[in-house]
Amino acid sequence: MQLPVRRGRRVLEIGCGTGGRARELAHFSDVDVVGVDADASNIELARICTENAQLSHCVSFIQASMETLCAVFEDNSFDAVFSVESITSSGHFDAACSQVRRILKPGGKFAFYRWCMSDAWDAGRMDHRQVWQQLGQAILSHGQPLQVQSIDNTTAALGLAGFSLCHSEDLAKRVDDVPWYHTLEELEHGRPIEAVSWAWWNEGPNAEPAEHAQDRNRSLYFAVRTILKAGRLGLLTPMALFVVQKNSDAQTLSRAAVSSGCE
């Protein structure tokens, strides 16, 4: 397990959805878990499922966005924080990391999956540049083109935010007979667009009007084809794993000074 947590610890999940991961972690690791999600319907269903599973004593949920965590949790509130893809859809990665560091206890760990640009990216290749431009047009995060950084740039940003890297890995590189984009390939053979997980796109808490359904499906299909193209070229991984540990304030100040050229 890349994020070891001891019995009785307090853990936060950012982007908890309907709470499946939070319940599983609480059940098998005997920890207290708080899940946050911006979608009110997700939170409502998460609470119902948790009550049905008789885990309400150790799993709770709060409706909150990445930007409002500062108003919800005090400093040094959690022993560990984890997130699956939600940090990617946060409009400002640096600010998100700062919020996570603030609510982590000293020495606490933060683990997350993020979409990243792979090492195969070559700015000198026209087809690579075209795919990257299409990704920005196809996928929006908070109304803005999705910002996809390289693994190295993400690691550097985490260091400046006050974290030390414990582990990073592109899980898409693990040997597997089925590539990560396999589900998207099925769309080319007539699988309905609705069958694709909505986790690929930042839809937001409110469903759009029915009359816009055709436009939405066309947009989603364009996004699917673009992501598939990037996957086949090996330019994009949605499975970049990072595990980092909160530095002391002194370590963070020292790193910032070195980065700015100060001694």
Local electrostatic count at A96 - Lys and Arg +1, Asp and Glu -1, tallied over other residues with Cβ under 15 Å: -1
List the residues whose amide H sits under 5 Å from the amide H of N247, counting only those 5 or more places along or on another chain, with H placed 1.01 Å from N in the peptide plane. F163, S164
If I take R0 = 25 Å and measure r between the Cβ atoms of R232 and E169 in this structure, what FRET efficiency does the formula 1/(1 + (r/R0)^6) give, to the nearest 0.05? 0.70
Pairwise label distance in nanometres, A71 with Q130, each label 7 Å out on the Cα-Cβ vector: 4.6 nm
Short version: ³J(HN,Hα) in whole Hz for each residue of the range 230-241, in order, from phi by Karplus 6.51 cos²θ - 1.76 cosθ + 1.60 (θ = phi - 60°), x for Gly and Pro, what are they? 5, x, 5, 7, x, 8, 10, 10, x, 10, 7, 9
Lysines whose Cα lies under 18 Å from that of K109, excluding same-chain neighbours fewer than 8 positions away: K246
Please give me the summed charge of the neighbours of V72: other residues whose Cβ is under 15 Å from its Cβ, Lys and Arg +1, Asp and Glu -1. -3
With a Förster radius of 25 Å, plug the Cβ-Cβ distance of S248 and H57 into 1/(1 + (r/R0)^6) and report the FRET value to the nearest 0.05. 0.15
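The numbers here are math on the coordinates, done by the rules we state, and not lab data. What you see is a predicted model; the values in this text were computed from it and never measured. All Cβ positions, glycine included, derive from the backbone under ideal geometry; neighbour counts span all protein chains shown.
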